[in-house]
Amino acid sequence: MQDTYRTQSHTNLELEQPLDWMITKRDGSTQTYNRNKLKRIIERIAADHQTAVTETDWMTIIQSVEEKVLKGGHLFIDSCEIEHILKNTLNEVGLPQFIMTYTDMKKRKLLERERRRDVNKMIQSLVAKDRDIVNENANKDSKVFNTQRDLTAGIVGKAVGLRMLPEHVAHAHEKGDIHYHDLDYTPYSPMSNCCLIDFAEMFEKGFQIGNAEVEPPRSIQTATAQTAQIIANVASSQYGGCSFDRIDEVLAPYAALNYEKHLKTAKQWIEGSEIQTAFAKEKTTKDIYDAMQSLEYEINTLYTSQGQTPFTSVGFGLGTSWLESEIQKAILQVRLNGLGKEKRTAIFPKLIFTLKRGVNLEEGDPNYEVKQLALACSAKRMYPDILSYDKIVELTGSFKTPMGCRSFLQGWKNEKGEEVNAGRMNLGVVTLNIPRIAMEAGGDQSRFWAILEERLDVLHDALIFKAYRVMDALPENAPILYMHGAFGKRLIKQDKVEQLFLNRRATASVGYIGLYEAATAFYGSGWEKNTEAKVFTLDIVRKLKEKADQWGNETDLHVSVYSTPSESLTDRFCKLDTERYGIIEDITDKGYYTNSFHYDVRKNPTPFEKIDFEKDYAAYTSGGFIHYCEYPKLQTNLKALEAVWDYAYDKVGYLGTNTPIDHCYACGFEGDFKPTEFGFKCPECGNTDPETCDVVKRTCGYLGNPQKRPMVEGRHKEIASRIKHMKGDDPLGS
């Protein structure tokens, strides 16, 4: 429904006319006229003058402006002309002092935009340890030299990147309508985002890193050593996470080489085939454990060129041979045993265990015992997360582990009709600020949908620009990706990289944030049990999916909807909207927006209620999703956790376990540390020393250790409030 108005007592003119004219903005974009924006401008001017503006006052001003525009018969009007009309109107109604304030306000806005693109000022902010810069990533330690170097380079990349973007896209990003992710890397450099590395192809054919040509491995120990080398180089050649899908099945042939070697030795020195076989199996099992332990240590001690441990995920669980099962058990047992002499929880790699009927889901399945080990590991170390095989196939068209922490490829077949997942990638994410649209709509849902359409037009331009920028890369820019097998097909220097992206081989992601807050703007904070409100939020992601499908058909990319795991963006959008709209209860007053389609973290639904509430969204957001359930300490109640996993199997595709696993090495306490202004504190002995405290929280798609980040002083309470665990009695029963 379009805006209408009827003039009041300031004029004898009686008008009722739809305001369907369009505003042409300075950056060249157009948007439908919105009376609420004009109202906010007047209110901000009045606030600068500490002058109260009544509803009659601002309606008088607005109606006068609208009449002048309508009398001109404009369908399109330049924003500069609107500003000129507003200034004349302010003078006419006896508020000339507001004109100078408005002019100053526009100047400040322009200067602020220039400051955001000024490399020198941004570097000064880094030197001053501005928290928005140094805390942008929970797993980047801003104290170390290589991270400081990456942050400095990122500042230059952001400044240059903003100038490379279409002006209306850059402007929308800066003011918080959208977020152009990873601006410190792209578009300055044509880097890609996350991927599923094609380890099987690289192992089989060999590869090259630097000056060394690496031959195919001849043991599982060599295969895992090469895995670490590949991960380090891939992570340095892109900016997103990387995953090793079906690691148990890919590594099993190399474990078989170990077995054959040990069996050959046994036949030389031991009599009796059964004893020979038992010897070879025992030796191979030990090799497998050692190899997986070495891989865990190597990944956690790696640093990429970005100054961080590679964001790595490994998927496993479907293999049923004894070698594959032993690899699965070794991965879990290594994680359970912990890192170092203090047995700390490893942050990487993210473990993702697949459940499947007939394989490991139910008692009697061949790998049911591995599921029991996975339950114990998840209760003690928070990983593995789990995938429900049948649901992932239903949602994404084929089975695969997510790229990075939650980005899913969609089912795809090559020209031979073969299903391909490994060697594919994502080209980037642009996220939409949905709560802002809801607040801007001012309670009018028809206006909400109109503004959403306009914002999606801008997001389209941003996302397609991002995706096509990656196609400017040359194979020699990232040899490990394009020439040596990580992306599957091996190119030569003269090839165009776009052949690896088009025909829907790669994905580009439409992100979103704040479904909870958007619904709250229309239905109140307790809307989760309101059917009409739930339908409204589903309609939003359905609209995103419709647009993504349309853009995919137009571009030959697979454009998908992605439930953004926005770590610092939850703060950024909310901060910008608070400056614009003020403190709004249950929306901006929290200081953050809610990720994805998640249930409000301040409430305490049971895991079953949370799964039932969230299960409907993933059908529209199959490009990236995960569901989390919050638990008390679970290590003595694994049956409760298994009950949730089993309940979730036919309902959700990807499920994470959030449970308190903090450990104090001073007194032995295990559970949930208390947040303070300056760190997390052991509730038993008061210990806050990072060297004797292992504090692990899920701050995004991955785990992080906030106790190891002294730069985040003052944010520990904020972090803890979002990682809220259930208190009191076990809600699952004993």
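All of the numbers you see were taken from the coordinates with simple rules; none came from a lab. Everything numeric here is computed off the predicted structure, so don't read it as measured data. Cβ sites come from the backbone with ideal geometry, for glycine too, and all protein chains shown count toward neighbours.
LYS416 versus LEU502, label points 7 Å from Cα toward the beta carbon: distance in nm?
Reported label-point gap for LYS416 and LEU502 is 2.3 nm.
Based on the mean of other Cβ atoms within 10 Å per residue, sort peptides 527-536, 657-666, 162-171 so the most packed one is first.
Final packing ranking: 657-666, 162-171, 527-536.
Local charge sum around ALA422 (other residues, Cβ-Cβ under 13 Å, Lys/Arg +1, Asp/Glu -1)?
Once positives and negatives cancel, what remains is -2.
Would you mind counting up the charge near MET403? Only other residues with Cβ under 11 Å from its Cβ, with Lys and Arg at +1 and Asp and Glu at -1.
Once all neighbours under 11 Å are counted, the net charge is +2.
Under 5 Å between amide H atoms, partner at least 5 residues away or on a different chain: which partners does TYR512 have, H built in plane at 1.01 Å?
Residues meeting the amide H criterion: LEU432, TYR562, THR564.
For every other residue with a beta carbon closer than 13 angstrom to the beta carbon of GLN229, add +1 if it is Lys or Arg and -1 if Asp or Glu, then tell me the sum.
-3
Ranking SER622, SER398 by Cβ neighbours within 10 Å, fewest first, what do you get?
SER398, SER622
In the structure shown, do any of LYS343/LYS674; LYS107/LYS590; LYS286/LYS639; LYS343/LYS697 have a Cα-Cα gap over 27 Å, and if so which?
On the way: LYS343/LYS674 21 Å; LYS107/LYS590 31 Å; LYS286/LYS639 29 Å; LYS343/LYS697 17 Å.
From the list (LYS343/LYS674; LYS107/LYS590; LYS286/LYS639; LYS343/LYS697), the Cα-Cα distance tops 27 Å for LYS107/LYS590; LYS286/LYS639.
With angles folded into 0 to 90 degrees, how steeply does helix 220-237 sit against the dominant principal axis of the chain? Use alpha carbons for both and round to 10.
Taking Cα atoms only, the helix is inclined about 20 degrees.
Compute, for the stretch 351-474, the length of the dipole vector about the Cα centre, with Cβ point charges of +1 (Lys, Arg) and -1 (Asp, Glu) only. Units Debye, rounded to 20.
Details: 16 positive and 17 negative charges, 77 e Å.
Charge dipole of the stretch 351-474: 380 debye, to the nearest 20.
Given +1 on the Cβ of Lys and Arg, -1 on the Cβ of Asp and Glu, and no further charges, what dipole in debye does the chain carry about its Cα centre, rounded to the nearest 20?
1260
Based solely on its DSSP helices, what 222 nm [θ] is calculated for the chain when runs of n ≥ 4 H residues each add -39,500 (n - 2.57) and the sum is averaged over all residues, nearest 500 deg cm²/dmol?
-14500 deg cm²/dmol
Cα-Cα over 23 Å: which of LYS283/LYS350; LYS205/LYS267; LYS413/LYS489; LYS529/LYS603; LYS158/LYS493?
Going by Cα-Cα distance, LYS283/LYS350; LYS205/LYS267; LYS158/LYS493 fall outside the 23 Å limit.
Answer rounded, prolate or oblate for the stretch 530-612, using the Cα gyration tensor with square roots of eigenvalues a ≥ b ≥ c: rounded when a/c is under 1.5, else prolate when a/b is larger than b/c, else oblate.
Oblate shape, in that a/c is at least 1.5 and b/c is the bigger or equal ratio.
Over the chain, what is the mean sequence separation of C-alpha contacts under 8 Å (at least six apart), divided by residue count, expressed as relative contact order in percent?
12
If I model a spin label as a point 7 Å beyond the Cα along the Cα-Cβ vector, how far apart are those points for GLN550 and ARG108 in nm?
Placing both labels 7 Å along Cα→Cβ, they lie 3.8 nm apart.
Rounded to the nearest 20 Debye, what is the dipole magnitude of the stretch 477-624 about its Cα centre when Lys and Arg each give +1 and Asp and Glu each give -1 at the C-beta?
Details: 20 positive and 22 negative charges, 146 e Å.
Dipole size: approximately 700 debye.
What does the highest-first list of 419-425, 405-411 look like by mean Cβ count within 10 Å?
So the order, starting with the most tightly packed, is 405-411, 419-425.
Return the distance in nm (one decimal) between the two label points of a simple spin-label model at GLU476 and TYR368, each offset 7 Å from Cα along Cα→Cβ.
In this crude label model, GLU476 to TYR368 measures out at 5.9 nm.
To test your reading of the geometry: what angle, between 0 and 90 degrees and rounded to tens, separates the Cα axis of helix 445-470 from the longest principal axis of the chain?
Tilt of helix 445-470: around 50 degrees.
When we measure straight from the Cα of LYS547, which aspartates and glutamates land under 15 angstrom away, once same-chain ones fewer than 8 places off are left out?
Leaving aside aspartates and glutamates fewer than 8 places away in the same chain, those within reach of LYS547 are GLU453, GLU454, ASP457, ASP461, ASP539, ASP556.
If each residue of separation counts as 0.36 nm, what is the full-extension length gain between LYS674 and LYS343 once their alpha-carbon separation is subtracted?
The span from LYS674 to LYS343 would gain 117.0 nm if fully extended.
Angle check, please: helix 247-269 long axis (alpha carbons) against the longest principal axis of the chain (alpha carbons), in degrees 0 to 90, nearest 10.
10
So for VAL497, VAL510, VAL160, VAL250, fewest C-beta neighbours within 10 Å to most, what's the order?
Least to most surrounded, the residues fall as VAL160, VAL497, VAL250, VAL510.
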